[in-house]
Structure formats: C-alpha cells, structure tokens
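Colleague: Here's a structure for you.
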Amino acid sequence: YPFPGWNEGFTTTAPLIFIALKGQTQIPVNEKLVLDITPVDFVSSVMLSVTAEALVSEPRLVHQAATGDANPNDMKRIVGLLGLYKRKHFDEKETGFKLVNEIAGRMETRPVTPSRFEKTSTPMINAAAKHASSFLDSLRPRWGGGRVTDWIDTAKQSVDRVEEVTRETAAAFDLFRPFMIENAYIFRADNVRSLHSRIRKDEQALLPWRPDRLDWYDYWMNVHFPGLKKWIFPTLEEDMRAQPKRVYTYRDLLELFETSTKRFATRVAMRIERDGRKEQYTYADLHELATRAAGFFAGEGVRPGERVVLLSNNAPEWGMSYFGVLKTGASCIPVDAESTVDEILNFARAGEAAGIIISQKLNEEHSDLGDRLRNEGLAVSIWTFDQVFALPDEATEDERIALLPAKVTAQTVASLIFTSGTTGQPKGVMLSHRNLTSMVSMLSSVFDMSTKDGVLSVLPLHHTFEFSTGFLTPLSRGAQITYLPELTGEALARAIKNGHVTGMVGVPALWELLHRRIKNRLYENSDWIGKAADAMIKANAWLRDRISLNLGPILFYPIHEGMGGRIRYFVSGGSALSEKLQKDFQGLGFTILEGYGLTEASPVLTVTRPENRMLTGSVGRPLPGVEVKIADPDASGVGEVIARGPNVMLGYYADEDATRNT
C-alpha cells in the first residue's frame, strides 16, 4: 500500500492550497459543492477487491471509489480547513522573516462567490495591470528618451510581472472551475459498499473501506496537506507556471540564417574594435558577406558533402565564413586558433578537407602550412579572409552564386568537431543542421533573448558551447554580438562597459578573472570598505535566497554601472563553478547560470533557469525535449549520464564502431 500522504500529479486541491500559501486570500467556490476526496489506500483497496472478484465472477461494470455520499466535504469547509493549515504552515516556517510569516499566517483564506472574485480580487488586479502597462507604453518618448525610457522600462517590467502572476493565478482557477463551482455532483459508491460487504469479516481490515469513519480535520491537517507539501509543492510552482514558450525549430541552419538576416536586416549583428577602429555589421551585411564567401568557395570547387576547415580567432569573419561554407552544401570543421601546424594537418587529414579558411594573422604565424600540406600529399587549398571576402565583378559573382545548391537537408552535417591531438586518429563529432537548430530552439525557450540584447563573445567559437549559446542563439533572436580583438582583463572590462552587453557565455576561469577585478576594486581604497562590501554581498545573497529580493544593483551600483548597467545573466559551462564564486556573484546582484553537456549533444543537456532560485552544485534541469537519466547509480547517486534528444549527434565521422558503442 502507498504510505500516508502519498500523492502524485496535478489534483484539484494541490494548486488551490499552493495559491493560498502564496498569498491568495479569496477563493471562488460554490460553498455547497461537495469535493470528493478519496484517500489513496481506499482506492487501492477497491482496485484489489474488484480484481479479486473478476477472477471468480463477472463484476459490475462500474465501481466508484467515492466518499461524498457517506462523508461529504463541501467547499466551504475545505476552504476553512485550508485557512487553518495556512496558519499552521506559517507558524512552523523556519525560513524568511518571522514578522512577515506572522502576517502571512493571519491573512485569512475565505470562500467568495465567483462574481465577487471577479470584481475584487485577481481578475480586477490583472485588468488594472494591463491598463497600467498600456499607459506606460504611451509615455515612452518617441525620440529615444535615454534615462526616461530606462525608468519607464523598469516600471513596465514590474507591472508586466504583476499582470503575468495574476493571469496565471486566474488561469489556474479557471482550469479547476468545474470542480470547485459548477459540477455539484454526489458520486455514489453503492457497488463498492456491496462488494466490500461480501468480503469475509476477518479479512475486511486487509482491504479497508470505511469513508464514513474518516475524520476530515485530522486527514487534511495531518495527512493530506503534509503529503502535498512533501511530494507535490517542490515542483508545482514550475508546473503551474506557463509552459516554456514554444520556439520554432528551423528546418536547417540556412533557413535560420535567411530568416534572421531578412527579419533583422537593419539591426546591428556584430561589432568589433580593431586597431582603434570600431567596426559594425548589420544583419543585411552579414547576409551579403556570407553569400559572397559562399560564391568564392563554390568558385574554388567546394561542392555539397565536402568539408572545409575554419581556423581563426573570434571575429565577424568567422561567422560569415561558417555560413558561407554551409551555403555550398559543405560541412565546416571549426578548429582551435591555438592549434599547431601538426594539429591542423591532422584535422585536415582526418576530415578529408577540401580547403582551409584562415585569418590573416594565423596565416602569417603558420607560413609553412602550405608546404607542409604538400609534403604530406594533402591536396588542400588555403584561403585567407582577404581572398574570401574580396569583391568580385558582378558577372563573376553571378556565375559563382549560380553554382550554389538550392537547399540542404536537415540531416546534412553542418559542423564536424574534432578532438585535439597531433598524432593518431582524432574522433570527429558529426552535428547535423537539425541537431543545431534543435539546440537553438531549446536554448531560446529558456533564455528570453531579443533584439534588445547583446552578447559578448569570449570563449573560442570552435567550442560548441560558445557556438550554440553565444553565436547561433543570439543571431536567431536578432541580438548583437561583440567580439574582442584580444582577451585581456582591460579589453574585457572595456567591452562590457562600453558595448551593448546584456549577457556573456564563459568558463569558470573567465568568471574568476572578472571576480578578481571586482574584488580588487572593492578593496582598492581600504580594507574596511572591502570587508563591509563582503558583508553586504553575503546579506544580499541571503535575501535573494530567502525572499527573492535583489538589492545588488543598488548596493553595488558603481560595479553594475561600470559593467554597462545592462547585464541580465552570465552562462557558465565547461567545468564546475566554485560555491564561493556562485555566492559572490549572487550577492553582487548578478545572475550566473550553469549548464552541463558535451560536444556530442550540440552541446547543452541541462541548464539552470533565470527564474529559479540558485542551488549551489546544481547544473539545472534538462532542456525542453531532452531526456537525461543516471544509469547504474552507486549509493551516492553517481553513475553514467545517458541522454536522448534531437540535439544528439549523428555519430562519429568514419568510425562506426565508436558510434555504435556510444
């Protein structure tokens, strides 16, 4: 039999109680409606009894496990019991402020008619929030407005949050309206009673069915409510929240590219400052230059199904070249810009590359690459960015573009990612167009990115983590990407402060660098100021943990303003974040999210959500559409991670055995 308080699933009482504990005091009900509550052990008894009868005779067609005809529970009484439990809950609550808990416990829950609920409670507040939001929109200056617009946007975010919460609460009540207001049925259990009476007296206790003896006060207060609290409430908030928005999954990366470059044509897509000169490229520029690159590659003989190595530091030309390769129907082999000539040769050989795209700087550093390729007997062309993006005459460009295929299939390999190594056969991960567009869709459903956002690209683009999270996803949403000519502490700080940066993808080493710069700034004037700041960091982390109140942007205004004042969140991956780092960023008022995955999964499997409370040591839940489980866990829960989803690779290049064994 199930244990006392066992509960599973989204029942009528769970959201009702949960909403009341969140502060809802008016509950719209039909006071005389009987809500039929049947303890699960009674249900189990009925199922076993009916099964036993079916083995020896023809059972009756319907057996209703119901309590309403023998021991009715009307909604007025249930709301009253709910109010008593609410007081008990806040009296026993150990977290949060004691005074706040005291006040919350004394805010009585009471039944009201549906019409009164509409006029004086959640629906009324929701309507007011909608009007306020529209009014704030009307106040936004057409001329830009600077700080005025920022203030209006901040106020509108708060109003929109109220509108969202009240809308979700009203929707929850609407969902359960038939069971709380409309369907005033009395379910009868005559067949169950008749069946139970035929069980031998000395065995009836083994299959209990005595709803008439239930003490509803004791059951609700000491069994049902505590069971919900333990088994249902920890995940109910997420279940009740509006489901993650569905984001269109593009058929292939070229559909994503064509859609974004047309939809956001006039918006800035990429920025970089080189040699003291600021460069920026719109989405229309991105389309033009990627198409020019595609024409160049086609003119050089690159055909569908072939592979091309891409070797460069992060820069706008990297992305333009990548999409240029895809437009030919070929696959791209992104390679670490720090690779040695021996490693480049090994990757070109293993991937059977038709050519190598290389930046001017790396071409100069690897001036012997062409000779080495010829000596190895590899017929691989080398193309610099200057060659790729040189403007041809119109006739030549038309001839080249005519060579491009009309489309590619979703299962075409887009990226072939090799493990590093100068010797032996490196393992090549084949990621299809569909793998990567699925990843973009999953990430977009978690991170609410838009044209107002800007990403600072710091991790090397050959890493799939940066590629998917910091390149493809921003481009699909019309955001800006800022690149650094070199990765130094000064360049990083300058780009964050002066660039349009609202988010950044990084590894723990990057966050440690940023953390050191912030701490040095806090301690640069005196130790006591630094220690006072540390105390405020701890206090704000505690506040965010307990009551979701973030005073960081106020307490550490100079720090936030020094970082542009727009940072929404940082996303970390690659290895585990230290607890100290997480808590300090939390206390400073920043949101740092942590993900987990591997190249074979394009690469993210799980990630913490912006709206969830920070839990040190956690890398969040699986992305929508991804299934993850721990196989053969030991006593501490450690085992092999197994994942399934549309983001999981096609396999390993030219290695069926490795693919089969993965």
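Colleague: Looking only at the range 484-509, count every residue that is touching a strand residue (DSSP E or B) at 6+ places or on another chain (Cβ under 8 Å), in a loop (DSSP other than H, G, I, E, B) and of a type in the set (A, V, I, L, M, F, W, C) and tell me the total.
Modeller: 3
Colleague: Please give the number of the condition F347 fails out of (1) under 32 Å from the mean Cα position of the chain (by Cα); (2) of a type in the set (F, W, Y); (3) closer than 18 Å to D368 by Cα.
Modeller: In the conditions (1) under 32 Å from the mean Cα position of the chain (by Cα); (2) of a type in the set (F, W, Y); (3) closer than 18 Å to D368 by Cα, F347 misses (1) alone.
Colleague: Search the range 273-304 for residues being of a type in the set (S, T, N, Q) and touching a strand residue (DSSP E or B) at 6+ places or on another chain (Cβ under 7 Å), and hand back the single one that is farthest from G499 (Cα to Cα). Give the steps one after another, and end with the answer.
Modeller: From the range 273-304, those of a type in the set (S, T, N, Q) are 280, 282, 291; that's our starting set.
In the following step, the residues that additionally are touching a strand residue (DSSP E or B) at 6+ places or on another chain (Cβ under 7 Å) were identified as 280, 282.
Numbers: Q280: 11, T282: 15 Å.
Here the answer is T282.
Colleague: Okay, moving on. May I ask you to list pairs of residues, at least six apart or on different chains, whose Cβ atoms are under 6 Å apart, with the first in the range 623-637 being polar (S, T, N, Q) and the second being surrounded by 10 or more Cβ atoms within 10 Å (Cβ to Cβ) and at pLDDT 90 or above?
Modeller: That search, which allows pairs on different chains as well, returns nothing.
Colleague: Taking V50 and the conditions (1) over 23 Å from Y219 (Cα atoms); (2) of a type outside the set (F, W, Y); (3) loosely packed, with under 15 Cβ neighbours inside 10 Å, which numbered condition does it fall short on, given that it satisfies the others?
Modeller: Of the numbered conditions (1) over 23 Å from Y219 (Cα atoms); (2) of a type outside the set (F, W, Y); (3) loosely packed, with under 15 Cβ neighbours inside 10 Å, the odd one out for V50 is (3).
Colleague: Sticking with this structure for a sec: Mind listing whichever residues of the range 605-658 are under 16 Å from the mean Cα position of the chain (by Cα), in a loop (DSSP other than H, G, I, E, B), surrounded by fewer than 18 Cβ atoms within 10 Å (Cβ to Cβ) and of a type in the set (A, V, I, L, M)?
Modeller: The answer is M614, L615.
Colleague: What pairs can you find where one residue is in the range 322-336 and assigned by TED's automatic domain parsing to the domain that holds E306 and touching a residue at least 60 places away in the same chain (Cβ under 8 Å), the other is of a type in the set (S, T, N, Q) and part of a loop (DSSP other than H, G, I, E, B), and their Cβ atoms are less than 8 Å apart, with a gap of 6+ or different chains?
Modeller: G329/T412; S331/T412; D336/S420
Colleague: Can you tell me how many residues in the range 1-51 are among the aliphatic types (A, V, I, L, M) and without any contact (Cβ under 8 Å) to a residue 60 or more places away in the chain?
Modeller: Initially, the range 1-51 is screened for residues among the aliphatic types (A, V, I, L, M), giving 14, 16-17, 19-21, 27, 29, 33-35, 37, 40, 43, 46-48, 50.
Now restrict to residues that are without any contact (Cβ under 8 Å) to a residue 60 or more places away in the chain: 40, 43, 47.
Total satisfying the criteria: 3.
Colleague: Which one of these is of a type in the set (A, V, I, L, M), at pLDDT 85 or above and surrounded by 14 or more Cβ atoms within 10 Å (Cβ to Cβ): A184, A189? Quick ask: steps written out before the conclusion?
Modeller: Numbers: A184 fails: surrounded by 14 or more Cβ atoms within 10 Å (Cβ to Cβ).
On inspection, the qualifying residue turns out to be A189.
Colleague: Is it true that S578 is closer than 30 Å to M536 by Cα, surrounded by fewer than 21 Cβ atoms within 10 Å (Cβ to Cβ) and of a type in the set (G, A, S)? Write out each step before concluding.
Modeller: Details: closer than 30 Å to M536 by Cα: yes; surrounded by fewer than 21 Cβ atoms within 10 Å (Cβ to Cβ): yes; of a type in the set (G, A, S): yes.
Yes, satisfied.
Colleague: Tell me the residue from G530, G565, G552 that is in contact with a helix residue (DSSP H, G or I) (Cβ under 7 Å, 6 or more places away or on another chain), modelled with pLDDT under 95, more than 21 Å from T464 (Cα to Cα) and surrounded by fewer than 17 Cβ atoms within 10 Å (Cβ to Cβ), please. Break it down into steps so the answer makes sense when it comes.
Modeller: Working: G565 fails: in contact with a helix residue (DSSP H, G or I) (Cβ under 7 Å, 6 or more places away or on another chain); G552 fails: surrounded by fewer than 17 Cβ atoms within 10 Å (Cβ to Cβ).
Testing whether each residue is in contact with a helix residue (DSSP H, G or I) (Cβ under 7 Å, 6 or more places away or on another chain), modelled with pLDDT under 95, more than 21 Å from T464 (Cα to Cα) and surrounded by fewer than 17 Cβ atoms within 10 Å (Cβ to Cβ) leaves just G530.
Residues are listed down the side, and each one gets a yes or a no for (1) over 18 Å from T166 (Cα atoms); (2) part of a helix (DSSP H, G or I); (3) out of contact with any helix residue (DSSP H, G or I) (no Cβ under 9 Å at 6 or more places or on another chain); (4) free of Cβ contacts under 8 Å to residues at least 12 places away in the same chain:
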residue	(1), (2), (3), (4)
L99	yes, yes, yes, yes
E102	yes, yes, no, no
G105	yes, yes, no, no
E108	yes, no, no, no
S115	no, yes, yes, yes
P123	no, yes, no, no
A128	no, yes, no, yes
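Colleague: List every residue pair whose Cβ atoms sit under 7 Å apart, with the two residues 6 or more apart in sequence or on different chains, where the first one lies in the range 339-365 and is in the same structural domain as E306 (by TED's automatic domain parsing) and surrounded by fewer than 20 Cβ atoms within 10 Å (Cβ to Cβ) and the second, anywhere, is acidic (D, E) and assigned to a helix (DSSP H, G or I).
Modeller: Q360/D386
Colleague: So, in the range 568-600, how many residues would count as being touching a strand residue (DSSP E or B) at 6+ places or on another chain (Cβ under 7 Å) and not polar (S, T, N, Q)?
Modeller: Count: 15.
Colleague: Right, here's the next one. Among the candidates P460, P426, which residue alone is in the same structural domain as A509 (by TED's automatic domain parsing), touching a strand residue (DSSP E or B) at 6+ places or on another chain (Cβ under 6 Å) and in a loop (DSSP other than H, G, I, E, B)? Walk me through how you get there before you give the answer.
Modeller: Working: P460 fails: touching a strand residue (DSSP E or B) at 6+ places or on another chain (Cβ under 6 Å).
Exactly one of P460, P426 is in the same structural domain as A509 (by TED's automatic domain parsing), touching a strand residue (DSSP E or B) at 6+ places or on another chain (Cβ under 6 Å) and in a loop (DSSP other than H, G, I, E, B), namely P426.
Colleague: Right, next: Looking at the structure I just gave you, is D527 in contact (Cβ under 8 Å) with a residue 12 or more places away in the chain and assigned by TED's automatic domain parsing to the domain that holds S602?
Modeller: Working: in contact (Cβ under 8 Å) with a residue 12 or more places away in the chain: no; assigned by TED's automatic domain parsing to the domain that holds S602: yes.
Answer is no for this residue.
Colleague: Is there any pair linking a residue in the range 197-218 that is under 15 Å from N73 (Cα atoms) to one that is modelled with pLDDT of 90 or more and among the small types (G, A, S), with Cβ under 7 Å and at least six apart or on different chains, and which?
Modeller: Matching pairs, first to second residue: P211/A70; D212/A70.
Colleague: Okay, moving on. If you check G23 against the conditions, is it assigned by TED's automatic domain parsing to the domain that holds F173, in a loop (DSSP other than H, G, I, E, B) and either farther than 26 Å from R213 by Cβ or basic (K, R) (or both)? I'd like the intermediate steps shown before the answer.
Modeller: Details: assigned by TED's automatic domain parsing to the domain that holds F173: yes; in a loop (DSSP other than H, G, I, E, B): yes; either farther than 26 Å from R213 by Cβ or basic (K, R) (or both): yes.
In short, yes.
Colleague: Suppose we filter V46, V79 for residues that are in contact with a His (Cβ under 7 Å, 6 or more places away or on another chain), part of a helix (DSSP H, G or I) and under 24 Å from F179 (Cβ atoms); which single one remains?
Modeller: Working: V79 fails: in contact with a His (Cβ under 7 Å, 6 or more places away or on another chain).
Residue meeting the stated conditions: V46.
Colleague: Which residue, of L487, L475, L492, is assigned by TED's automatic domain parsing to the domain that holds G573 and surrounded by fewer than 19 Cβ atoms within 10 Å (Cβ to Cβ)? Please lay out each step first, then the result.
Modeller: Values: L475 fails: surrounded by fewer than 19 Cβ atoms within 10 Å (Cβ to Cβ); L492 fails: surrounded by fewer than 19 Cβ atoms within 10 Å (Cβ to Cβ).
So the residue among L487, L475, L492 that is assigned by TED's automatic domain parsing to the domain that holds G573 and surrounded by fewer than 19 Cβ atoms within 10 Å (Cβ to Cβ) is L487.
The values are calculated or read from the model by the stated rules, or taken from the named source; none is laboratory data. Here the structure is a predicted model, which means the values were calculated and not measured. Counting neighbours? That spans all protein chains shown, and the Cβs are built from the backbone with ideal geometry, glycine included.
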